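Working notes for the structure below.
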Amino acid sequence: MKIAAEAKKLTAEAKERVDQAHLPFDAQGFGFASGKSSIRMRVQPSPADAIHFAAAEVRDAKGDDDRKAAQKKLDEALSKYFDDDMVQREKDLKQVEERVTKLHELLEKRRSNKQEIIDLESKVVMNQANGLGFYDNDESGGGGLFKGGPPFTIKTDGRSWGTTSYVPKVAPVPPEPPVKPVPPVDHAE
């Protein structure tokens, strides 16, 4: 009984706050010179808040008429939430479609320029391998992938528009020779 009364009180306070939030902005409410600073502005509850308030009204409705009116508010809040969600989903879908279109264009552009791309990459790789790369004299190590010279491997991320990296091969470390077993010493002698 006590909990239900407290819940009704909180619901009434929440409704009052929402109603107060719908008051228009009052420019006269500024009292910075006198030390009083009150600002009134219209605050829209979020769609989720509106759904929760409407659900609370349905829960707390006393009669069939009140319940039907509260259910109508809940249905309207859910409908608005759904419509807003659909608008956002359409925006997201449009962005994805634009991105896919750009990727198709880039893929076709790369296909049509295949030989030019291969020739350019070949020249860059050979210049790097021969010590003629742009960063060969850079002491900071920035970009100097071939300071050890060839041989090297080419690694890609598997997509034609992805990244390519040139990784110098490292000489394998020879395994350590096995240690000969030492025969056990008999201390009984």
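In this label model, Lys80 and His187 are separated by 9.0 nm, measuring between points 7 Å along each Cα→Cβ vector.
At R0 = 25 Å, how high is the FRET efficiency between Ala7 and Gln44 if r is their beta carbon distance? Nearest 0.05 is fine. E(calc), rounded to 0.05, equals 0.55. With a bin width of 5 angstrom, please list the P(r) values of region 73-116 as percents of all Cα-Cα pairs, from the 0 bin to the one holding the largest distance. Calculated over all Cα pairs of region 73-116, the distribution is 5, 20, 12, 12, 11, 8, 9, 6, 6, 4, 3, 2, 1 percent. Each of Arg99 and Val124 was given a label point 7 Å from its Cα along the Cα-to-Cβ line. The distance between the two points is 2.5 nm.
Ranked by the mean number of other Cβ atoms within 10 Å of their residues, highest first, the peptides 53-60, 92-99 fall in the order 53-60, 92-99.
For each pair in Lys94/Lys114; Lys72/Lys94; Lys102/Lys123; Lys8/Lys73; Lys15/Lys91, compute the distance between the two Cα atoms and list the pairs where it is over 22 Å. Walk me through the numbers before you get to the answer.
Details: Lys94/Lys114 30 Å; Lys72/Lys94 33 Å; Lys102/Lys123 28 Å; Lys8/Lys73 18 Å; Lys15/Lys91 33 Å.
Over 22 Å apart, Cα to Cα: Lys94/Lys114; Lys72/Lys94; Lys102/Lys123; Lys15/Lys91.
Within a Cβ distance under 14 Å of Val96, other residues only, what is the Lys/Arg minus Asp/Glu net charge? Please list the in-between numbers first.
Numbers: positive: Arg89, Lys91, Lys94, Arg99, Lys102; negative: Glu90, Asp92, Glu97, Glu98.
Combined, the nearby Lys, Arg, Asp and Glu give +1.
Since every read-out is calculated from the coordinates, none of them should be taken as a lab result. Not measured: the values here are computed from a predicted model. Neighbour counts are summed over all protein chains in view; Cβ atoms, including those assigned to glycine, are modelled from backbone coordinates with ideal geometry.
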